[in-house]
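The values are calculated or read from the model by the stated rules, or taken from the named source; none is laboratory data. Worth saying up front: this structure is predicted, and the values here are computed from it rather than measured. FYI the Cβ positions are ideal-geometry reconstructions off the backbone, even for glycines, and counts take in every protein chain you see. Heavy atoms of the whole protein, side chains included, go into the accessibility calculation; ligands, DNA and RNA do not. Shrake-Rupley method; radii C 1.70, N 1.55, O 1.52, S 1.80 Å.
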Amino acid sequence: MKRTSTWVASLALPVMVAMLLVLAGSPSVTANDQPSAAAAEVKIDNFSFGPQTLTVAVGATVTWTNRDDIPHTVVSTDGVFKSKVRDTDEKFSYTFDKAGTYPYFCSIHPKMTGTVVVQ
Amino acid sequence: MADKNQGLIDQKWHELNDDGVDRRGFLKCMAWAGTGLVWTMSGGIPVSRAFAKNTGKSDGKDGDFSFVQISDSHMGFSKPANPDVGATLQAAVDKINGLAQPPEFLLHTGDISHLTKPEQFDTVDQILKGASAKDVFFVPGEHDVLDDNGKSYLERYGKNVQGAGWYSFDKRGVHFIGLVNVLNLKSGGLGSLGAEQLEWMEKDVKHLKHSTPIVVFAHIPLWTVYPEWGWGTEDSAQALAYLKKFGSVTVLNGHIHQTMQKVEGNVTFHTAMSTAFPQPQPGKADSPGPMKVPAEQLRSLLGITDVNYVRGQHSLAAVDSSLE
């Protein structure tokens, strides 16, 4: 949290707002629409990824946190990234160095899908 | 024994009458009776009951036997829905050992472990050693093949299997087929058998007589229970097509942690309770995650399935019993 705050201090105001909303865990249209430069979070609750579509800037690190009682995985549909199985409260992070659209799913519960858009 | 069976018949019919089954429901039950099962509705959940005409009448006649299906032990799970899954698996074993007709063997329809860890498999193996039936036939659940694509599962349970862990065997004239539908799942999809396994299965049943009773067991249901939660297998229709010629097909699955049944032509589908924790009825919760119930109710939602085969009967009869 401390480190994130340092990053936030160096960012422009609209991005700051977007990031704070993401960090607060509020489902927010702003958080989805505004690219976040450095870090963003996806929470896994009730067998779904939230936000389902996340837009970040090139270079951003996305961290997924499993908040379910059941393990999940975060696996890129195109083979770009693949987490190990994540049990309750375990995290997985990936840094997106290239612009593009990255669909992913939980390989244990394949009905769970999400997308990271990197701009 | 005969008196006991008659008592069971009377009790079941009494329950049917008491359940307020209307004419339509009664006709459904009659259809089930014809295939050896009676379908009753209990709290909105279809619950299988033996239509006990010949069920359990094991007088040593060649060919009659029973086996027990257990499922979804999830060893290693310790969340509030059941902090002690070892104790409930042990209770299942005690239940099995108390059955009037001892089963010849056990089928475990997957999710043996919660996280594919060796110590979790060890614990299950240890507890199952206490069962009166010594032979246990496994198929993997998705929780048994995490991270290693089924490698450690195969090292432990894959002695006489094909491919990713599928196999068949014969017991007293019944042909059993264990299938794997938890690997190579595609984004947005359901359970999957895959081309290689389907090809094997087609060959496996080709030489069998049409009168051979078939039992297929796999983790994820081979009929579409609720696709929104992934409760189905995308290429199961192909597998079932290979079984069309047989007079009696029984499909036993786990994964959904509750009993459900369906008859479609010659095929009776059945899912078993978990020995670890219950899951909600389809669409009745935000997700299919573990359902927390008051501690004193837990064991009434966990259990085993006792399957009876009586020679000459059209189909096998499955009796679900809760742990208490």
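Say R0 is 30 Å: what FRET efficiency, to the nearest 0.05, do B:E228 and B:E196 get from their beta-carbon distance? About 0.60, to the nearest 0.05.
When both bridge partners sit in the stretch B:59-322, DSSP labels roughly 50% of those beta bridges antiparallel. Accessible surface computed residue by residue for the stretch B:59-322, with neighbouring protein chains in place and a 1.4 Å probe, gives 37 Å² per residue.
The residues of the stretch B:155-194 occluded by other protein chains by 40 Å² or more of accessible area, set against the chain on its own, are B:L185, B:S187, B:G188; surface from heavy atoms, 1.4 Å probe.
The A and B chains share an interface that buries close to 1700 Å² of accessible area, total over both sides, probe 1.4 Å.
Which links in B:K206/B:K245; B:K134/B:K171; B:K203/B:K245; A:K43/A:K84; A:K43/B:K117; B:K209/B:K262 stretch past 20 Å when you go from one Cα to the other? From B:K206/B:K245; B:K134/B:K171; B:K203/B:K245; A:K43/A:K84; A:K43/B:K117; B:K209/B:K262, over 20 Å: A:K43/B:K117; B:K209/B:K262. Compactness of the stretch B:78-218, taken as the C-alpha radius of gyration over 2.2 N^0.38 Å, stands at 1.13. You can think of it this way: the chain between B:Q101 and B:N184 has 26.0 nm of extra reach, that is 0.36 nm per residue less the Cα-Cα gap. For the stretch A:93-119, the residues whose backbone nitrogen is under 12 Å from a point 7 Å from the Cα of A:A57, taken along Cα to Cβ, are A:119.
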